[in-house]
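Input: a single structure, listed below in structure tokens.
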Amino acid sequence: MTVRRTRFVSTGSALPRQCLSNEDLSRLVDTSDEWIIQRTGIRQRHLAGDGETTGTLAVDAARTALERADVSPDDVDLIVVATTTADHTFPATATRVQADLGMTRGVAFDLQAVCSGFVFALATADNFIRLGQADRALVIGSETFTRLLDWTDRTTCVLFGDGAGAVLLEGTDGTGTVADQGVLSTHIYSDGRQYEKLMVDGGPSSTRTVGHVRMDGKEVFKHAVSNMAYALEEALNSTGFSVDDLDWVIPHQANRRILDATAKRVALDPAKIVVSVERHANTSAASVPLALDEAVCDGRIKAGQLLLLEAMGGGFTWGSALVRW
Ligand code: UT7
């Protein structure tokens, strides 16, 4: 039997020029390189400067993915931009990306699931492709999250950074078994009862302002570990794989301690986790595709390997995608 599958064709990423070290931050707020490294594993983050926006970073990442695949923008049917930091309240940043890429057809829209955004957008595009509503899709996670920070709040401002990652997807025919190349499963979840644990205290409808990030760090940490472990186990249970079958896990990069605690809970070898949090910090929806692009480009990820992408963020939202590369 032939079934429609979604395969990854190429990846791309983009980082702002400016880089801020922990030392730089310790001159802004009462913090230290030692505290930040010990509690989070973060050493530096990139900061969007003048002329750099969520849209421009998304275009740069998407253009790289298209060039690497030698695919023209007009051969793409769908663009989904996962972001919490849109260039404007409306229209969708994805429509600007569509125009800037020179794409004159298809459909483009934004998706908001905060740090889980890329996994939600991947699940969405996978459904479009498997249903035959799109043949080629660009899924982009792009954020200028530092523009939501209260730079006087040391409990949040040290944690985040800016950047973008993109993947080009296309439909392919598979056999319907887990030996197929491409997306083998997606699982996404939310629990709105946790709305206030990680949020921005502003918005056009509530305060008519953009607002700043507020977070109950300990609660987020606890839920992040259990939700990411759950999302990983659901992916394995639904496909019949064991944790030892995974070649790489590409998780949302919030905190090195969250990654280690999650690995311990599911008995995953920590050497199989792709980690970039030390250089990028938490880039929200961009973190998974940024880490993925890095591991593809440096040759760690190879054709045929089994990858687990997973994330957790505000809402709370969380989810996973199991992929054969
Ligand atoms: O995508 C999801 C987004 N968010 C997350 O994943 C964050 C999840 N949470 C975390 O990663 C951790 O909870 C944090 C890294 C945010 C905090 O680590 P923690 O071990 O939970 O520290 P804490 O909040 O218990 O704070 C310990 C101490 C406090 O001082 P006192 O009360 O013990 O005197 C804080 O005031 O560390 C202090 N502190 C800092 N000190 C230096 C908090 N932030 C800082 C800082 N520099 N930046």
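The values are calculated or read from the model by the stated rules, or taken from the named source; none is laboratory data. Being a predicted model, the structure only gives us computed values, none of them experimental. As a convention, Cβ positions derive from the backbone with ideal geometry for all residues, glycine included, and neighbour counts pool all protein chains shown.
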Of everything in region 132-147, what is away from the ligand (no atom under 12 Å from the Cβ) and touching a residue at least 60 places away in the same chain (Cβ under 8 Å)? Give them in sequence order. 132, 136, 137, 138, 139, 140, 141, 142, 144, 146, 147
Pair list, Cβ under 8 Å, 6 or more apart: region 259-274 residue closer than 13 Å to residue 308 by Cβ, other residue of a type in the set (S, T, N, Q) and surrounded by 17 or more Cβ atoms within 10 Å (Cβ to Cβ): 259/253; 268/262
Within region 1-19, residues being assigned to a strand (DSSP E or B) and in contact (Cβ under 8 Å) with a residue 60 or more places away in the chain number 12
On the basis of being in contact (Cβ under 8 Å) with a residue 60 or more places away in the chain, on the phi > 0 side of the Ramachandran plot and surrounded by 19 or more Cβ atoms within 10 Å (Cβ to Cβ), does residue 281 make the cut? yes
Evaluate region 41-59: report whether one residue or more is under 22 Å from residue 129 (Cβ atoms) and either hydroxyl-bearing (Ser, Thr, Tyr) or in contact with a strand residue (DSSP E or B) (Cβ under 6 Å, 6 or more places away or on another chain) (or both). yes
Here is a list: 28, 111, 57, 47. Which entry is under 23 Å from residue 147 (Cα atoms), within 14 Å of the ligand (Cβ to nearest atom) and among the aliphatic types (A, V, I, L, M)? 28
Output the residue which, of all residues in region 291-325 that are assigned to a helix (DSSP H, G or I) and among the hydrophobic types (A, V, I, L, M, F, W, C), is nearest to the ligand (Cβ to nearest atom). 291
Restricting to region 59-86, and then to whatever is in contact with a helix residue (DSSP H, G or I) (Cβ under 9 Å, 6 or more places away or on another chain), without any contact (Cβ under 8 Å) to a residue 40 or more places away in the chain and part of a loop (DSSP other than H, G, I, E, B), can you tell me which residue is surrounded by the fewest Cβ atoms within 10 Å (Cβ to Cβ)? 72
Does any residue in region 235-249 that is assigned by TED's automatic domain parsing to the domain that holds residue 308 and of a type in the set (D, E, K, R) come within less than 7 Å, Cβ to Cβ, of a residue that is surrounded by fewer than 19 Cβ atoms within 10 Å (Cβ to Cβ) and part of a loop (DSSP other than H, G, I, E, B) six or more places away or on a different chain, and which pairs are these? 247/305
Pick from region 32-58, criterion of a type outside the set (Val, Ile, Thr) and assigned to a loop (DSSP other than H, G, I, E, B), ranking: farthest from the chain's Cα centre (by Cα): 32
Only one residue in 243, 266 is away from the ligand (no atom under 16 Å from the Cβ), surrounded by fewer than 24 Cβ atoms within 10 Å (Cβ to Cβ) and closer than 17 Å to residue 189 by Cβ, so which one is that? 266
Against the conditions (1) more than 14 Å from the ligand (Cβ to nearest atom); (2) surrounded by 14 or more Cβ atoms within 10 Å (Cβ to Cβ), where does residue 17 fall short? Just the number, please. (2)
Among the residues in region 214-223, are any touching a residue at least 24 places away in the same chain (Cβ under 8 Å), more than 10 Å from the ligand (Cβ to nearest atom) and among the aromatic types (Phe, Trp, Tyr)? no
Kindly state which helices (runs of 4 or more DSSP H) lie completely within region 192-290 and contain at least 3 residues that are in contact with a strand residue (DSSP E or B) (Cβ under 6 Å, 6 or more places away or on another chain) and under 22 Å from residue 13 (Cβ atoms). none
